[in-house]
1. So which of Gly310, Gly390, Gly325, Gly297 ends up being over 21 Å from Cys412 (Cβ atoms), touching a residue at least 60 places away in the same chain (Cβ under 8 Å) and small (Gly, Ala, Ser)?
2. Inspect all residues belonging to the range 246-261 and state whether any of them is more than 19 Å from Val365 (Cβ to Cβ) and either of a type in the set (Phe, Trp, Tyr) or open to solvent by 10 Å² or more (accessible area, probe 1.4 Å) (or both).
3. What tally of residues in the range 176-207 results from selecting those that are over 19 Å from the mean Cα position of the chain (by Cα), under 24 Å from Leu63 (Cα atoms) and either of a type in the set (Phe, Trp, Tyr) or outside the structural domain of Leu13 (by the TED database) (or both)?
4. Return only the number of the condition from (1) surrounded by fewer than 22 Cβ atoms within 10 Å (Cβ to Cβ); (2) farther than 30 Å from Gly457 by Cβ; (3) in contact with an Asp or Glu (Cβ under 8 Å, 6 or more places away or on another chain) that Thr62 does not satisfy.
5. Among the listed residues Lys18, Lys28, Lys32, Lys11, identify the single one that is on the phi < 0 side of the Ramachandran plot, open to solvent by 60 Å² or more (accessible area, probe 1.4 Å) and modelled with pLDDT under 95.
6. Take the residues of the range 70-94 that are of a type outside the set (Asp, Glu), under 27 Å from Gly363 (Cβ atoms) and under 17 Å from the mean Cα position of the chain (by Cα): which is surrounded by the fewest Cβ atoms within 10 Å (Cβ to Cβ)?
7. For the condition farther than 14 Å from Cys258 by Cα, open to solvent by 40 Å² or more (accessible area, probe 1.4 Å), among the β-branched types (Val, Ile, Thr) and in contact (Cβ under 8 Å) with a residue 12 or more places away in the chain, what is the one hit in Ile443, Ile414?
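The values are calculated or read from the model by the stated rules, or taken from the named source; none is laboratory data. In this text, all values refer to a predicted model and were calculated from it rather than measured experimentally. Positions of Cβ are backbone-derived with ideal geometry, glycine not excepted, and every protein chain shown enters the neighbour counts. Ligands, DNA and RNA are excluded from the accessible area calculation, which covers all protein heavy atoms including side chains. Shrake-Rupley method; radii C 1.70, N 1.55, O 1.52, S 1.80 Å.
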Amino acid sequence: FKMCPGRVISKLLCSGEKEVDLAVQSAKAAFKIWSQMSGMERSRVLLEAARIIREQREEIATLETINNGKSIFEARVDIDISWQCLEYYAGLAGSLAGEHVQLPGGSFGYTRREPLGVCVGIGAWNYPFQIACWKSAPALACGNAMVFKPSPFTPVSVVRLAEIFTEAGVPKGLFNVVQGGAATGQFLCHHPDVAKISFTGSVPTGIKVMEMAAKGVKPVTLEMGGKSPLIIFSDCDFENAVNGALMANFLTQGEVCCNGTRVFVERKLLDAFTKEVVKRTQKIKIGDPLLEDTRMGALINRPHLDRVLGFIKQAKEQGAEVLCGGDLYVPDDPKLKNGYYMRPCVLGNCRDDMTCVKEEIFGPVMSILPFDTEEEVVERANTTKYGLAGGVFTRDIQKAHRVVAALKAGMCFINNYNVSPVELPFGGYKASGFGRENGRAAIEYYSQLKTVCVEMGNVESVF
């Protein structure tokens, strides 16, 4: 593998209505076999897939770096989370069960947890392989089939996942990949044999997915954008808070939906915190993402890079101060000169009504805002249409729990940020979506309950 920034690495044909139907019908046939297997049988296959991913970690991480542009250091973490996700749901597959309820007179009832059928996964380009595992692992553990459409900007690594599932022993067609953009997504959402849709991406697209699913009364899981608050109290562990702010803003070139991009800093700590964050941000190594010491690679494409830079230009026009970065970066290596690189940016002198504070930028841009009281910062933190995540840094554990309880967000962090173990549910409030990835909670979104009532006596008729 070699990095070729700004150049085409592969060409794939978009799946039209015919190809989508073939993928769904293939998954439907595989579902009949897979859904009749025991949970333990499905578990063994998922464990084998996890083993293959773990064994091929370096190769898949390299593929993901080329696919997305993130550093190889981060890509390895993504791949580790991916195989851990498969292992976790393999562990749950054999324990999925309903319950028995005793009724009067010896009668009883029971519930069965049954798979939905053919599920659709629509992925985003920031975590292509990991998102595909987050969606497919619980779906397959519950006995479903899945047709997955990756982003057209990152089409490659999910194909490798499909190959791995096949190698691990899933029935042919159980996990199918279709390629394409909006039109392909529409064919999937409208297909009569699709039982459920799980989408990760932007709010406008998520709304369209929900509208299309509604026409077929299909359940949806939506994991969308965010403008998450990160609250730094003056009684925090200073070094830890600085590390947290960097983790909350600059992972994957800032292209992370749950990033804490509104950094609220208690006023008495503002100057020291800002100075240290700027100092640390300027030291971030940008460049070839396949090099071991690189910590920030290239943004996904030229239009997105231009969009991020446009937000910074607008921020300056509205009175924000660019404390560092916010401009194009051209690496010394001549073969990287066409790459979509920029210097990570810290904005000071920000106000809550600025566009850079209100809208999701989805790039390496941190907005720092001062606050004075706990009550004030909680109210300001919640003044957003989004509700994906939030973070608090403080040594006062009572205050930490009090603040996260008041935050209108689905994923909260105390004295850390962007830590998402597969054991914990992940998802948002408000415009950030609904439903959950990961944890036991995801089982609820990939299965349905059937109730059976058994009468041990005779039916008493009122007629």
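1. On the way: Gly310 fails: touching a residue at least 60 places away in the same chain (Cβ under 8 Å); Gly390 fails: over 21 Å from Cys412 (Cβ atoms); Gly325 fails: touching a residue at least 60 places away in the same chain (Cβ under 8 Å).
Matching residue, one of Gly310, Gly390, Gly325, Gly297: Gly297.
2. For the range 246-261, residues more than 19 Å from Val365 (Cβ to Cβ) and either of a type in the set (Phe, Trp, Tyr) or open to solvent by 10 Å² or more (accessible area, probe 1.4 Å) (or both): absent.
3. Number satisfying all stated conditions: 0.
4. (3)
5. Values: Lys18 fails: modelled with pLDDT under 95; Lys28 fails: modelled with pLDDT under 95; Lys32 fails: modelled with pLDDT under 95.
Just one listed residue meets the conditions, Lys11.
6. Filtering the range 70-94 for residues that are of a type outside the set (Asp, Glu), under 27 Å from Gly363 (Cβ atoms) and under 17 Å from the mean Cα position of the chain (by Cα), the one surrounded by the fewest Cβ atoms within 10 Å (Cβ to Cβ) comes out as Val77.
7. The conditions single out Ile414.
The rows are residues; the columns are (1) in the same structural domain as Tyr89 (by the TED database); (2) among the charged types (D, E, K, R); (3) outside any loop (DSSP other than H, G, I, E, B); (4) out of contact with any helix residue (DSSP H, G or I) (no Cβ under 8 Å at 6 or more places or on another chain).
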| position | (1), (2), (3), (4) |
| --- | --- |
| Leu12 | yes, no, no, yes |
| Ala27 | yes, no, yes, yes |
| Ala30 | yes, no, yes, yes |
| Ile33 | yes, no, yes, yes |
| Arg44 | yes, yes, yes, no |
| Thr62 | yes, no, yes, no |
| Thr65 | yes, no, yes, no |
